[in-house]
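The values are calculated or read from the model by the stated rules, or taken from the named source; none is laboratory data. Model, not experiment: these values are computed from the prediction. Note that we place each Cβ from the backbone using ideal geometry, even for glycine, and neighbour counts take in every protein chain shown.
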Amino acid sequence: MEYRSLGRSGLKVSALSFGAWVTFGKQIGDPVAKKLLHTAYDAGVNFFDNAEAYADGKAELVMGDILKKSSWRRSSYLVSSKVFFGWEDDKPNQVGLSRKHIVEACHDALKRLQVDTLDLYYCHRPDPSTPIEESARAMHDLIVQGKVLYWGTSEWSAAQLTEAFAVCDRLGLHAPVTEQPQYNLLHRTRVEKEYATLYKARGLGTTIWSPLASGLLTGKYNDGVPAGSRLDTPGMEWLRDAVLGKGSKPKLAAVKKFAAIAKDLDTTLPRLGLAWCLKNPHVSTVILGASRAEQLVENLGALDVVSRLTPAVLKKINAISAAVAE
Ligand code: NDP
């Protein structure tokens, strides 16, 4: 495993990490979740990503139970939670980024995950109804109390991040160290263009999500929706519409072209897509998702493919990607 600094912080994250969205507490049984987490840890993965909203808190319960029963030293791994969407209900103070919800959600996540500290705690989306100063202060206070070590954001605009940094500078608060944006061969603009100045000015780290576009970049949806796949999972119809709905035809055509390049490189399509993400020096860690151990083992092999992405290969990939990527 390769380890990278999370932005300008001293924290080292494995270049490939592992997340619980859709799978833990929902799509897969607990024994599979255990197998996945152990497979990841044994391969050197040191960061496990979670959120209050994943399976309405159940994903954290499942992960917490596995962590508790493992023999892993707490210092050997990082675990995150994210606040915004809520997990109990959607009463006014059970969602969003108010001080009340940020603090209560942190306490709930610590209990579910059965840890004393969240290594990373994210504002899962921006909350236009709460001043950034209030959210930043709440995050800072949790850090001072030792309940959180580092905080970050997810899918905040560059303008919102710039405001957060300015507030933290002005008030002497702990500033965010990382963003968690979507990044893959079909979704590039925010990571490559919008945040460009923030890498330089603030050393922003990125823990990127959906590196395989929820599976689209494995080729599994080329001829429809396989039974038991994420886009076949009850409750994920909205995602199926987003991934395979209007405008997906050119993307599916691009996926087939990426597959041909993968074949030329003597690798697989998922490994190519993940290696391409790893190649970006502004990516601190690529968060993997998997519903089966075989997928995870395959995806962990992406690290070996990075060196095959020569400038000539990248040029070919980027030409296909640029024509269709958001
Ligand atoms: P991916 O885009 O890699 O999608 C993962 C899914 O694709 C798997 O669950 C599996 O679904 C399928 N898949 C993965 N590898 C293979 C393979 N080799 N062969 C066939 N199918 C494969 O990542 P995620 O969307 O899961 O995102 C990763 C993590 O990022 C999440 O777990 C979460 O922690 C985080 N995240 C954060 C978000 C945010 O807003 N901050 C939003 C979304 C995710 P299946 O087998 O069911 O088809």
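Collect the residues in segment 139-165 that are farther than 20 Å from LYS100 by Cα and not hydroxyl-bearing (Ser, Thr, Tyr), keeping them in residue-number order. Lay out the reasoning, then the answer.
To start, the set of residues in segment 139-165 that are farther than 20 Å from LYS100 by Cα comprises 155-163, 165.
GLU155, TRP156, ALA158, ALA159, GLN160, LEU161, GLU163, PHE165 - these are the residues of segment 139-165 that are farther than 20 Å from LYS100 by Cα and not hydroxyl-bearing (Ser, Thr, Tyr).
Cβ-Cβ below 8 Å, separation at least six or inter-chain, first residue in segment 295-311 and basic (Lys, Arg), second assigned to a helix (DSSP H, G or I): which pairs?
If the second residue must be assigned to a helix (DSSP H, G or I), the pairs left are ARG308/ALA275.
With at pLDDT below 95 and surrounded by fewer than 18 Cβ atoms within 10 Å (Cβ to Cβ) as the only criterion, which of LYS193, LYS200, LYS111 stands out? Even if it seems obvious, please write down each step before you answer.
Values: LYS193 fails: at pLDDT below 95; LYS111 fails: at pLDDT below 95.
Only one candidate passes the filter, namely LYS200.
If I ask for residues that are surrounded by fewer than 16 Cβ atoms within 10 Å (Cβ to Cβ) and part of a helix (DSSP H, G or I), which ones from segment 163-190 would you list?
Narrowing segment 163-190 to residues surrounded by fewer than 16 Cβ atoms within 10 Å (Cβ to Cβ): 166, 169-172, 189.
Listed by number, the residues that qualify are ALA166, ASP169, ARG170, LEU171, THR189.
Mind checking whether some residue in segment 169-177 is under 30 Å from ALA290 (Cβ atoms) and in contact (Cβ under 8 Å) with a residue 60 or more places away in the chain?
Yes, that holds for at least one residue.
Would you please name the residue that is nearest to the ligand (Cβ to nearest atom), looking only at residues in segment 230-245 that are under 19 Å from the mean Cα position of the chain (by Cα) and either small (Gly, Ala, Ser) or part of a loop (DSSP other than H, G, I, E, B) (or both)?
MET236
Looking only at segment 203-219, which residues are near the ligand (Cβ under 6 Å from one of its atoms), out of contact with any strand residue (DSSP E or B) (no Cβ under 9 Å at 6 or more places or on another chain) and assigned to a loop (DSSP other than H, G, I, E, B)?
Selection gives nothing.
Among the helices (runs of 4 or more DSSP H) confined wholly to segment 262-326, which include 3 or more residues that are within 16 Å of the ligand (Cβ to nearest atom) and farther than 29 Å from GLY203 by Cα? Reasoning before the result, please.
Numbers: elements: 269-279, 293-300, 311-324.
Here the list reads 293-300.
If you scan segment 142-156, which residues turn out to be more than 16 Å from the ligand (Cβ to nearest atom) and either β-branched (Val, Ile, Thr) or in contact with a helix residue (DSSP H, G or I) (Cβ under 8 Å, 6 or more places away or on another chain) (or both)?
Here is the first cut: in segment 142-156, the residues more than 16 Å from the ligand (Cβ to nearest atom) are 142-149.
The answer is LEU142, ILE143, VAL144, LYS147, VAL148, LEU149.
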